[in-house]
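Worksheet for the structure shown next.
The values are calculated or read from the model by the stated rules, or taken from the named source; none is laboratory data. Note that the structure is a prediction, hence the values are computed from the model and not measured. Using ideal geometry, Cβ is built from the backbone for each residue, glycine included, and neighbour counts are taken over all protein chains shown.
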Amino acid sequence: MALLMIILLSLAIFILFLFQIYNTKTSVRFPPGPKGFPLIGNLHQLDNSKPHQYLWKLSKEYGPLMSLHIGFVPTLVVSSAKMAKEVLKTHDLHFCSRPSLLGQQKLSYNGFDLAFAPYNDYYREMRKLCVVHLFNPTRVQQFRPIREDEVSRMIEKISKSVFASKPVNLSALVMSLTSTIICRVAFGKRYEDEGVERSRFQALLNETQAMFASFFFSDHFPFMGWIDRFTGLISRLEKNFKNFDTFYQELIDEHLDSNRPKSEQEDIIDVLLQLRTKRLFKIDLTMDHIKGVLMLALANLLYKFDWQMPDGMKTEELDFDVLPGLTMHKKNPLLLMADNYVAIRDLNRFQHRNLPTPTRAAASASFKLHHTVHYISSTAVTTAVFPFLVFDPGGNVLFDVGALDNSKLHQYLWKLSKEYGPLMSLRLGNMPTLVVSSAKMAKEVMKTHDLHFCSRPSLLGQQKLSYNGLDLAFAPYNDYWREMRKICVVHLFNSNRVQQFRPIREDEVSRMIEKISKSVVACKPVNLSELTISLTSTIICRVAFGKRYEDEGIERSRFQALLNETQAMFTSFFFSDHFPFMGWIDRFTGLISRLEKNFKNFDTFYQELIDEHLDANRRKTEEEDILDVLLQLRKERLFKIDLTMDHIKGVLMNIFVAGTDTSSATVIWIMTYLMKNPKAMKKAQEEVRNLIGNKGFVDEDNVQKLSYLKAVVKETMRLQPTAPLLVQRETTKKCILEGYEIPTKTVVYVNAWAIGRDPEAWENSEEFDPDRFIGNSIDLKGQNFELIPFGAGRRICPGIYMGISIVELALANLLYKFDWQMQDGMKKEDLDFDALPGLAMHKKNPLQLIAKIYI
């Protein structure tokens, strides 16, 4: 307690010191500006998505030259043509450098580009290179056929929409047009609209734009840089940089390949590689210089249609809301109806001061570099860290907030439990927390005192995405939850329902085996991580929604993007959950707007599925899907609660997120352990092959006879549960546990990963030994507390049988049909067990293996 008082006193003195600095007079005459607060300056006054509008309003009061402080960074805002001329022409030499901002520096290879490089000799030489060789009029003219070809393709797409009387999503079309032109101009590649590579490119582009405009505390509060690491923004930036660097390197390697077919036109990479060879400039171009330059490029558009509003919409309903970023895109997609008429616009006159028209939007340059840097962005912080301030009974802080990587949090807590015991109290901000790390204590919490420990904490992300707890997984323990659980157990996840969906599981596993066989014939390595995610998500979509999305279609890409974002949101750290008085940071960093956007997108996705199922003209399938069952229950009203559409969406969310994520991750961890342990692999393969013989496929009846395979599944789930920390519980009332008083509303983490290594429950707990389960009655159903990957007690996962069925069937066929080897140059020792943070922890590095057909 004494140490805590010292910390608080030190903080108070520091704040007083800041006030003193802030109020100290200075002889420097700054332009006028609004008075800010100590420490944060004017940061609180800026609207994330509309800083330009807000600053414009401030300029009306403080003038066209206005000074602000964004954190510790002195800032000047120019808002008139006269002042712009002073800055950009008269005093241009003094104003032409760039600030060193973390995201921009990282993604530009430490300023090796042109846009974000500081003004120095390197910049002048690089600008000369770009102006003379990349963006000169001759080069722009050289790429004219590409621009005209892609615009022609876009016009053709719109024409098809005209004939089909469909509205045109101009936002999507224009994004596709510009990115395709840039890819052809810069890389010499054209990605198909619905292909995997196109999806990858677009995802990389979106994430990079987000990172460029992200708000990093270290840029504005150097002493608070730990928050960037603490919120996961640093790890997200590193991951984005690594992904884009890999993307660039693949492109460069293709261009350096002597067997690459030569195209008629040089692209920008060709030019840069030639310049690197010729060494015509004062700087020696490295690959990092080239990658930095590849960050540049934008294109212009022309249209040849008269546009109308879709039926039922008026021009007054058009909005001008924007998404924050380096370039501000329209927030809501522009959907219009097109008439095939060539419209000629006057590009030389302004007609209305306050209406953005095509006359002012047109630009004469063929390539433009966007130089504006927005300091404030609503770009979200992807979770990577939980903020733990841990106090022992004496009040001593045990470790600092920056120590925890969420992908290894379970390991860190396990190490702490070795010192403080299997029942450990922490404090997450203002939230009292209990960590359970042994089978004995898990039994106390999840069985003996289960009634007191079976609620859920109200956490912002979980509550929002579960429709305020209208689901099953995140709902608090009350009458509603009991009734909803009854619905799920009796009608959705019972053994008959699981058996009903057996043909779907067997069909999709068969399709996966066929894909792998094609890779074998083509002598290509198999990306098992990608295949199993596709397998489980497809099974869940067919079971839950009655739909099958093609692997490379637009709907599949949309589905996967929604899933990824939702998983990120579920595990994101919201300050308001742990520090209620600091909830403004969630809005300030853009995490709230990102959560709202994700919720809106998923709600739209669910509503479309529901509308399809309610359509009287919908083609009936032979088997009911889960959505059919829920809509029927809503109609019959057999339960105490009246099912609304939000209730149904909440349940769909549980199935969608949990069902897709956990099964795919489990299969990959199992295959990783088997590759690491060849004897276990051989034994499992011999078992399944001896049983099946030459039948060609392992069905679910066969799986029940594979005792060693089931032991392999259990052993992997012991060592690598996909949810190492089970979903948080919360106490419903004060209770006594092992002589300790546990307060009401204490958050409880059950460390399933640590329990799988409990020395009191397991011999040689770190060894992978499936034989320990042969002749052993321990199962996965929550009755044996030394093995609880699906939880236990009232909160055990109701979809356990569905999940196990998918895992065992997929694994049995992978082992039966193929022999597996490491890629050339790799050994089993090279296999890693690094994990990505999330509700379910996937293997960080994809598992890519060489398959050989056995039968």
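Points worth noting:
- Of the residues making up segment 475-498, one or more are of a type in the set (Phe, Trp, Tyr) and without any contact (Cβ under 8 Å) to a residue 24 or more places away in the chain.
- Checked against (1) assigned to a helix (DSSP H, G or I); (2) without any contact (Cβ under 8 Å) to a residue 24 or more places away in the chain, Asn845 passes all but condition (1).
- Residue within segment 779-798 that is more than 22 Å from Phe453 (Cβ to Cβ), touching a Lys or Arg at 6+ places or on another chain (Cβ under 8 Å) and among the aliphatic types (A, V, I, L, M) present: no
- Of the listed requirements (1) at pLDDT 90 or above; (2) closer than 30 Å to Asp471 by Cα; (3) not β-branched (Val, Ile, Thr), Leu706 misses just one: (2).
- Test: residue in segment 184-207 that is within 30 Å of Phe72 (Cα to Cα) and either assigned to a helix (DSSP H, G or I) or not aromatic (Phe, Trp, Tyr) (or both): yes
- Filter pass, Phe112 being in contact with a Ser or Thr (Cβ under 6 Å, 6 or more places away or on another chain) and of a type outside the set (D, E, K, R): no
- Filtered residues of segment 611-627 (kept if in a loop (DSSP other than H, G, I, E, B) and among the β-branched types (Val, Ile, Thr)): Thr621
- Taken as a whole, the structure places Ile788 among residues that are crowded, with 18+ Cβ neighbours inside 10 Å and closer than 14 Å to Lys714 by Cα.
- Where a residue in segment 757-781 is closer than 23 Å to Lys415 by Cβ and touching a residue at least 12 places away in the same chain (Cβ under 8 Å) and its partner, wherever it lies, is assigned to a loop (DSSP other than H, G, I, E, B) and acidic (Asp, Glu), with Cβ under 6 Å and at least six apart: Ala761/Glu786
- Meeting the requirement of 1 or more residues that are in the same structural domain as Tyr801 (by TED's automatic domain parsing) and more than 21 Å from Leu465 (Cα to Cα), the helices (runs of 4 or more DSSP H) wholly within segment 519-582 are 528-545, 554-570.
- Some residue of segment 647-662 being in a helix (DSSP H, G or I), more than 23 Å from Ile800 (Cβ to Cβ) and in the same structural domain as Tyr708 (by TED's automatic domain parsing): no
- Residue match in segment 100-116 (condition: in contact (Cβ under 8 Å) with a residue 60 or more places away in the chain, in a strand (DSSP E or B) and buried (at least 18 other Cβ atoms within 10 Å of the Cβ)): no
- Test result for Val168, of a type in the set (Val, Ile, Thr) and within 27 Å of Lys291 (Cα to Cα): no
- Cys523 meets all of the listed conditions (1) touching a residue at least 40 places away in the same chain (Cβ under 8 Å); (2) under 30 Å from Gln821 (Cβ atoms) but one, namely (1).
- Count - residues of segment 595-606 that are under 16 Å from Val651 (Cα atoms) and either crowded, with 18+ Cβ neighbours inside 10 Å or in contact (Cβ under 8 Å) with a residue 40 or more places away in the chain (or both): 5
- Among the residues of segment 756-785, the ones that are crowded, with 22+ Cβ neighbours inside 10 Å and of a type in the set (Val, Ile, Thr) come to 0 in all.
- Qualifying position, being assigned by TED's automatic domain parsing to the domain that holds His452, within 30 Å of Met569 (Cα to Cα) and not hydrophobic (A, V, I, L, M, F, W, C), among Glu766, Glu741, Glu808: Glu808
- Lone qualifier among Lys682, Lys734, Lys676 - being surrounded by fewer than 19 Cβ atoms within 10 Å (Cβ to Cβ), in the same structural domain as Val748 (by TED's automatic domain parsing) and in contact with an Asp or Glu (Cβ under 7 Å, 6 or more places away or on another chain): Lys734
- Leu638, sole failed condition from (1) over 18 Å from Leu472 (Cβ atoms); (2) at pLDDT below 85; (3) among the hydrophobic types (A, V, I, L, M, F, W, C): (1)
- Any hit, segment 550-571, residues being in contact with a strand residue (DSSP E or B) (Cβ under 9 Å, 6 or more places away or on another chain) and closer than 18 Å to Val727 by Cα: no
- Listed conditions (1) under 34 Å from the mean Cα position of the chain (by Cα); (2) surrounded by 15 or more Cβ atoms within 10 Å (Cβ to Cβ); (3) not polar (S, T, N, Q) are all met by Leu129, apart from (1).
- Boolean, Val445 is buried (at least 20 other Cβ atoms within 10 Å of the Cβ) and in contact with a strand residue (DSSP E or B) (Cβ under 7 Å, 6 or more places away or on another chain): yes
- Test: Phe559 is at pLDDT 85 or above and buried (at least 16 other Cβ atoms within 10 Å of the Cβ): no
- Considering only residues in segment 203-227 that are touching a residue at least 24 places away in the same chain (Cβ under 8 Å) and polar (S, T, N, Q), the one that is nearest to Gly292 (Cα to Cα) turns out to be Thr208.
- Scanning segment 822-842 for residues being acidic (Asp, Glu) and in a loop (DSSP other than H, G, I, E, B) gives a total of 3.
- Of the candidates Val712, Val698, the single residue that is outside any helix (DSSP H, G or I), touching a helix residue (DSSP H, G or I) at 6+ places or on another chain (Cβ under 9 Å), surrounded by 23 or more Cβ atoms within 10 Å (Cβ to Cβ) and in contact (Cβ under 8 Å) with a residue 24 or more places away in the chain is Val698.
- Residue that is modelled with the highest pLDDT, among those in segment 663-690 that are more than 20 Å from Phe773 (Cα to Cα) and hydrophobic (A, V, I, L, M, F, W, C): Ile668
- Every condition in (1) more than 30 Å from Met224 (Cβ to Cβ); (2) at pLDDT 85 or above; (3) of a type outside the set (Lys, Arg) holds for Glu552 except the one numbered (2).
- When segment 119-172 is filtered for residues that are in a helix (DSSP H, G or I), of a type in the set (Gly, Ala, Ser) and modelled with pLDDT under 80, the ones remaining, listed by number, are Ser161, Ser171, Ala172.
- Boolean, Leu298 is modelled with pLDDT under 70 and aliphatic (A, V, I, L, M): yes
- Flag if Arg594 is assigned to a helix (DSSP H, G or I), within 24 Å of Gly71 (Cβ to Cβ) and modelled with pLDDT of 90 or more: yes
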